[in-house]
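For reference, the structure is listed below as structure tokens.
Any read-out appearing in this document is the output of simple, stated calculations on the displayed coordinates, not a laboratory observation. Treat the numbers as computed from the prediction; the structure is a model and nothing was measured. Positions of Cβ are backbone-derived with ideal geometry, glycine not excepted, and every protein chain shown enters the neighbour counts.
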Amino acid sequence: MHQILQDNIKMLFVAATLILSTLLQNSVAFGQEAEGVTVEYRNDCTQQDLGDFLRGDQPRERAPRKTMLLVMPNISSNPANGLLYGIAGSTGFYLGSKESTHVSAIGFNVAYTTKNQFLSFAKSNIYTRGDRFFLQGDWRYYIYNAPTWGLGTNAPDSIEVSDNLNWQGAGLGETEDGFPMSFNYLKFHEILNYKVAESKYIGIGYHLDWYNKIEDEKLQLETEPYELTPHYIYSELYGFDETEYILSGVSLNLVYDSRDNLMNPYKGSYVNINCRVNPGFLGSSSNSTTLWLEYRTFLPLSTKTPRHLLGFWFLSNFMVSGRLPYMTLMALGEDQRSRSGRGYIAGRFRGENLMYGEAEYRFPILSCSKTLGGVIFVNATTASNNSRGVSLFDYVKPGAGVGLRLMLNKHFRTNITIDFAIGAKSKGFYLSGTETF
């Protein structure tokens, strides 16, 4: 086990060394520029995309379009799902002039598996003309199964976890170390924000999370010795139906967004404060209140190359009052874009309260065309388990990785992203058409 983890660390170190050595050569110009040394730059050393690169030394400039569509096949195989096949993609568009309106983006996915599972989602961030309104949506419908491991970043605390491999956050190995669950899931989150000042918004939202036909596959109550699961124990402890529950509520939102592009920012910051109330009269299985806090910021490192930057991402979700059903508790990888926690299976850590942080270094590898870039990132997660006295920061799980970026559309800053990450006894590969954050 330890040898496998050591091999993963060595692989990551070698990849990081190769990328850093390339970056060091390209960074000489950045350093010289900062020291006031005259540097000769080629006139055509501007940001290019894949189309420009394929056309050669004379890229053909076209008038930027107001829409962009990227569609990719989504194919994988793992024991829990069998063969999964479908399509995934993203679209970018402007609902107003580019001078006064931010780019809008919608990510989508539709997939089916040979074990009769179905996954679909649409995740949207839309700015209307002049940025007057900012709409945030997260719509999903799953007929699915996925393992859970209990609450807190120390879970599971009584069984050995194998060296899991995952693709896009879904486990490729067996899940004997987890507690597999099957369920149907309907999610409808929609927030309407109104611009009250430059970059500042206030909004209201409606949120529905409905889990039904829940089957706890390892639960055994018919014969002794009984085999209990984290989901069963939690549901019994707090009086939730083990086969179905609903979280339905409204939210008050405050948003600050000074990013220059939400698909791939080069500068600016994003702040989101969401206070959600889930009363019984709206259909919730139990009264509760939650608080979501999110902060992203992007710090440019070069005036000549905007892609050379540092990015920071922090998010947290707190159960302020009442009780939430088990599967509606915040878990790793369950942010709006399902991007948190590279290096771990989605849902690996869950808790009444959860905090997550990530830092990423982004840089061009091809110093002139900047078509190819790279990233190095680190992250950390902490989650609570109130019933066992586990508080935030009692246990912290780190992750780290490297990735490549291929500029597909320079006007929308759409990148094909390929990442490899490792965590504690875990590793994963990730492919996407947009940046992680």
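A few remarks follow.
- Couplings 3J(HN,Hα) of segment 89-105, computed from phi: x, 8, 9, x, 6, 10, 9, x, 5, 5, 6, 10, 10, 5, 5, 9, 8 Hz, in residue order, whole Hz [Karplus 6.51 cos²θ - 1.76 cosθ + 1.60, θ = phi - 60°; x for Gly and Pro].
- Ranking of Glu294, Glu352 by count of other Cβ atoms within 10 Å, fewest first: Glu294, Glu352
- Karplus (6.51, -1.76, 1.60) ³J(HN,Hα), θ = phi - 60°, over segment 197-204, in Hz, Gly and Pro reported as x: 7, 4, 6, 10, 9, 10, x, 10
- Charged neighbours of Thr297, selected by a Cβ distance under 10 Å, balance to +3 (K, R count +1; D, E count -1).
- Footprinting exposure proxy for Phe134, Phe281, Phe312, Phe183 (fewest neighbouring C-beta atoms within 10 Å first): Phe281, Phe312, Phe183, Phe134
- Nitroxide proxy distance, nm - points 7 Å out along Cα→Cβ at Ser391 and Leu192: 4.2 nm
- Cut-off 14 Å (backbone N to label point 7 Å along Cα→Cβ of Asn154), residues of segment 392-427: 392-397
- Sorted ascending by nearby beta carbons within 10 Å, beginning with the fewest, Met327, Met72 become Met72, Met327.
- Built amide H within the under 5 Å cut-off of Asn74, gap 5+: Gly86, Ile87, Ala88
- Multiplying the residue separation of Leu237 and Phe312 by 0.36 nm and removing their Cα-Cα distance gives an extension gain of 23.2 nm.
- Gyration tensor (alpha-carbon) shape descriptor, segment 196-347, a/c threshold 1.5: oblate
- Label-to-label distance, Leu54 versus Cys275, with points set 7 angstrom from Cα along the beta-carbon direction: 5.2 nm.
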